[in-house]
Structure formats: C-alpha cells, structure tokens
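Some notes on the structure that comes next.
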Amino acid sequence: MTIPNNKIYKVNSVRKNKNLKKDISPSVDIAHKLKVRAKEKENIRRKLAVTAKQLALVARENENARRKLVITAKKLALSASEKETARRSLAVTARELKRLHWTLEKKVLKRTKDLDQVRSKNEAILASIGDGLVVVDKEGKITYINKSFEEMLGWKSQEIIGKSMVEIVPREDVDGVEVQFKERILTQVLSGKKFVANLTNPFYYIRKDKSRFPVSSIIAPVVLASKIIGAVEVFRDITKEKEVDKAKTEFVSLASHQLRTPLSTVSWYSEMLLAGDVGDVTPEQKKYIEEIYRGNQRMVNLVNTLLDVSRIELGTFIVESKPTNIVKLVQGVIEEYRLQIREKRIHFSFSSEKSIPNIQVDPKILRMVVQNLLSNAIKYTPEGGRVFISLFAQKGNAVLFKIVDTGYGIPKNQQDKIFTKLFRADNVVGKDTEGTGLGLYIAKSIVEQSGGKIWFESSENKGTTFNVTLPLKRKNPKKA
Ligand code: ADP
C-alpha cells in the first residue's frame, strides 16, 4: 500500500510541532524516525513484492486450471459426439437386424409352409395307398399307420400309436395257430436276423373285432447310419386272390373229373384190344395200341395228380389220421419201386433207428410224400447210381426221413422254384425223364399241413438230399 506524500508530510509536521517544545536536538530524532520509516517502507514493499509473486502464482495456477478445464470440456464434447456417432450406428445396426429378422422370419414361414405342403402330400400319398402300411420304432412300437391299415384292421391311429404292433395285431397261420412273438417276422427283422421279408405264404391278421383275413406282406428294416431304427411293413388283404385261386382250383378239379370218364374208356378199350378180346390184331397194330395205352396211362396219372392238387388246395382231401408205423410204410413204398431200382441198377439201402415211434398221420397222404421223393430219386439218378433212405427219431417228438441220391442234382439258380407248381429244372427236362412238376408241390403241401418241414440240399451232377421232419402229433390246429 502506498501512503501519499502529502499525508506523510502532514504527520511529520504535526509531530514536528509537538516535539519542538520538549526536544532540544530535533534533527537527530527526525533522522532516526526517517530511518525507521524507510525500514518500514522497505518491509511493506517486500511484503507487497511477496504478495505480488503469490498473486502471480495463483494467477498461473488459475490459468493452468482453466486450460485443463478447456481440455476436459473439449474431451467431453468429443466423447459426446463419439457417443452420438455410436448411437447412430447402433440405430442403423438395429434397423438392419430388424430387417434381417423379418427376412428370416419370412423365409422360415415359407419353408414351414413348403414343408407342411410336402408332409401333407406325403401323408396323402401314404393314406391313399391301397395297401396297409405301418411303421414301427426299434422296440416294435407303432409310430405311423395309414388309412388302409385303419380300414383293414379296424383300429384308429390314436388308439394304437405307441403300442406294440405284434401285440395289437396278432398273426395266425393257415390252421389258426397264433404265431409267437419271437417267430414273428417283424421281431426278426428288427433284431437284424432277416433283412427283408417277403411273405408269400399266406397268413392271417386278426382285426380289432377278432375276425381275420389273409394277408401277404413285405417287411423291411429302417436303417439310419447303419443302425436299425425301426421297420416298415406293407401288407395286402388277399381275400380276393384266394377266392380267384379257389375258383381256378375248383375248375381244375371239375375238368379232371370230367376227363377221367373218357380216359377210362380209352384205357378199357385199348386193354380189350391188346388182350385180343375183339379179335386178333397184327403185331404192328399191337405196337400202336400199346402206344395209345401208355399215353393214356400218362394222362390218367396227370389227371389224378391234378385232382390231388385241387383236393389239397380246396382242403377236401379226406384226412384220416391214425397212429402210423412210418418204418413199415416206407418199406412198403420201397417194395413198390423194387423193379425200377433193379432195372436202373441203383445201389439202394434203407436204414432206420430202432426206436422210431408211431406218428399220428393219415398213412394214405404220407405214402404220397414218400412215393414222390423215392420216385424222383430213382428218376433223377443215372443208371448205377446210389440212393439211401434213413429214418431217425428226433428230439422234440419228431421223426426225420432222409433220402440221399447221387443223381443229376438241382441247378443252384433254380433251387428256390423247386416246390412251385408245374416247375421242372432245365437239367432234367432235356433228359429222358417224364414228370409233371407237381410231385414236390404236393409233398410240401402235405408235409406242412401235417405240421412238418421239408427241405433239401443239392449240387448239380453230385446229388440231392431231401429231408422231411414230421411231428409225432399235430398241434391242435383250428381250421380257417
Ligand atoms: P416231376 O414230376 O418233374 O418230378 P416234382 O415236383 O416231383 O416234379 O419235381 C420238380 C422238379 O424238381 C423236377 O422236375 C426236377 O427238376 C427236380 N427234382 C426233384 N427231385 C429231384 C432229385 N432227387 N434230383 C434232381 N432233381 C430233382
């Protein structure tokens, strides 16, 4: 702080006036006071200088703080703009996402619609198949059935989905014997034992109302990544086919009956001519009449065989089962063929286990089986060949009949047709052998109707073995 000079002068002059009276050396005193005053002034100046420095410092600090504030403000402004930019770009992204979402949603909706259409189309196709269709999972539980299944078996889809096919739809053989779970083809296909089963042997499915109908079916496994994950079965009601078959068989039966009368007439008259009952015939005439007689005999055999076939198919064969000694029966048939065996110089043998029990069977039809198999063995074995017959008692109350020959054999590629009606293998047709192709069909039908099995092993030009097993007693068959 600066004190004005005139004020200092005023103070000094007042003091000067007061001190004039008492101080006798006023000049010394004034000098001293001036010195003091100067010192004080100097102190004040220094303090003022310090204060000024401090003020300058404070001002600098303020300036720094201001600058920092400016920087912060700038930064804040910058981050605000960045934020704004980010916000804008987020908004764009969100819009883009929304657009993509809609596009996707539209695509999904379209795909779903397409899939629905394909599914409905597939379902419509499956539903309109005339054959019954069932799909099961690997446990044999029903996962899908079509409309024809519902109509044929009387079950509604919602009643049986998830239930076991084998339990819901029992299967019976021709005799009305229910096929057991393990033997059901579906069970075997699911366990991988059979790959595709084409069941041509008619069997019956039981409807919900317990009535039954004949079916033929194809069962195949559903395989995914080499694992069986289920099976699909397509089956057909063959009632109509069976009726047509029956009508055909009835026609053959009728025709055969009608043929028998004229054939018998030809037979009688040729016998009479040969016996000379109506006068002598020349050797040449005799030769022709013998031809007529033999040809007629073949025709009689064929007609009789056709009649047997139609009787078997129509179930009109009168079967009279009784305890039958199969050893004696086979020996009897062998005797019938002794002459042929000798003529062809066949090495023949027969062996039988000692304790062969009696079988409950109609001896008349069993004889037909043995006759067919023995006559074939002789017929299809060249001169000097060998034929053996053997009989064994089998575990499980059955008898095994085995006939082995060293004949022409059956070509591998025709073996699956050998039991079908009228089939004769190529390798024997060219040879001097006569046949109708009905013998094995008849034999198989009889054996299976008696509850037995027939099968063979054969290799061309080496020989053939036919095996027949027959149960001692037929399991109580229920008739269709
Ligand atoms: P066929 O009257 O022709 O003998 P089958 O039904 O008895 O009729 O036999 C059908 C066919 O099976 C025969 O034509 C023949 O090709 C073949 N066959 C049957 N048995 C034998 C056998 N023991 N050896 C070779 N082929 C056989």
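The values are calculated or read from the model by the stated rules, or taken from the named source; none is laboratory data. Not measured: the values here are computed from a predicted model. So basically every Cβ, Gly included, is an ideal-geometry build from the backbone, and we count neighbours across all protein chains shown.
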- Message: Condition check: modelled with pLDDT of 95 or more and either assigned by TED's automatic domain parsing to the domain that holds Glu383 or out of contact with any strand residue (DSSP E or B) (no Cβ under 8 Å at 6 or more places or on another chain) (or both). Does Arg345 satisfy that?
- Response: yes
- Task: Kindly check whether there is at least one residue in segment 458-471 that is farther than 28 Å from Val177 by Cβ, outside any loop (DSSP other than H, G, I, E, B) and within 34 Å of the chain's Cα centre (by Cα).
- Result: yes
- Message: Can you go through Arg386, Arg367 and tell me which one is surrounded by 15 or more Cβ atoms within 10 Å (Cβ to Cβ) and in contact with a helix residue (DSSP H, G or I) (Cβ under 8 Å, 6 or more places away or on another chain)?
- Response: Arg367
- Does Val333 count as buried (at least 18 other Cβ atoms within 10 Å of the Cβ), out of contact with any strand residue (DSSP E or B) (no Cβ under 6 Å at 6 or more places or on another chain) and assigned by TED's automatic domain parsing to the domain that holds Ile403? yes
- Task: Given the conditions (1) closer than 29 Å to Lys421 by Cα; (2) under 21 Å from the mean Cα position of the chain (by Cα); (3) of a type outside the set (Phe, Trp, Tyr), report the number of the one that Lys246 does not fulfil.
- Result: (2)
- How many residues of segment 142-168 are of a type in the set (Gly, Ala, Ser) and closer than 14 Å to Leu126 by Cβ? The answer is 2
- Message: Checking the structure you have, find out if any residue of segment 66-78 is within 30 Å of Ile145 (Cα to Cα) and either modelled with pLDDT of 90 or more or within 60 Å of the chain's Cα centre (by Cα) (or both).
- Response: no
- Message: Criterion first (among the β-branched types (Val, Ile, Thr) and within 7 Å of the ligand (Cβ to nearest atom)) does Ile442 satisfy it?
- Response: no
- Message: Scan segment 461-476 and tell me whether some residue there is of a type in the set (A, V, I, L, M) and near the ligand (Cβ under 8 Å from one of its atoms).
- Response: no
- Query: Going by the structure shown, is Lys412 within 10 Å of the ligand (Cβ to nearest atom) and basic (Lys, Arg)?
  - Reply: no
- Message: Testing Thr420 on (1) within 10 Å of the ligand (Cβ to nearest atom); (2) in contact (Cβ under 8 Å) with a residue 40 or more places away in the chain, one condition comes back false. Which one is that?
- Response: (2)
- Name the pairs whose Cβ atoms lie under 6 Å apart, with the first residue in segment 206-230 and more than 17 Å from Leu186 (Cβ to Cβ), the second in a loop (DSSP other than H, G, I, E, B), and 6 or more positions between them or separate chains? Arg207/Gly154; Lys208/Gly154; Lys208/Trp155; Asp209/Gly154; Pro214/Ile238
- Could you list, in sequence order, all residues of segment 339-384 that are of a type in the set (Asp, Glu), in contact (Cβ under 8 Å) with a residue 12 or more places away in the chain and more than 16 Å from the ligand (Cβ to nearest atom)? Glu353, Asp362
- Message: Going through Gly192, Gly140, Gly154, Gly132 one at a time, which residue ends up being on the phi > 0 side of the Ramachandran plot and buried (at least 20 other Cβ atoms within 10 Å of the Cβ)?
- Response: Gly140
- Only one of Phe419, Phe423, Phe392 is part of a strand (DSSP E or B) and surrounded by 13 or more Cβ atoms within 10 Å (Cβ to Cβ); which? Phe392
- Task: Within segment 393-409, count every residue that is near the ligand (Cβ under 9 Å from one of its atoms) and of a type in the set (Gly, Ala, Ser).
- Result: 2
- Within segment 423-439, can you find the residues that are within 17 Å of Leu374 (Cα to Cα), within 6 Å of the ligand (Cβ to nearest atom) and not charged (D, E, K, R)? Val428, Gly435, Thr436, Gly437, Leu438, Gly439
- Item | Selection count where residues are of a type in the set (Gly, Ala, Ser) and surrounded by fewer than 17 Cβ atoms within 10 Å (Cβ to Cβ), scope segment 204-248 | 5
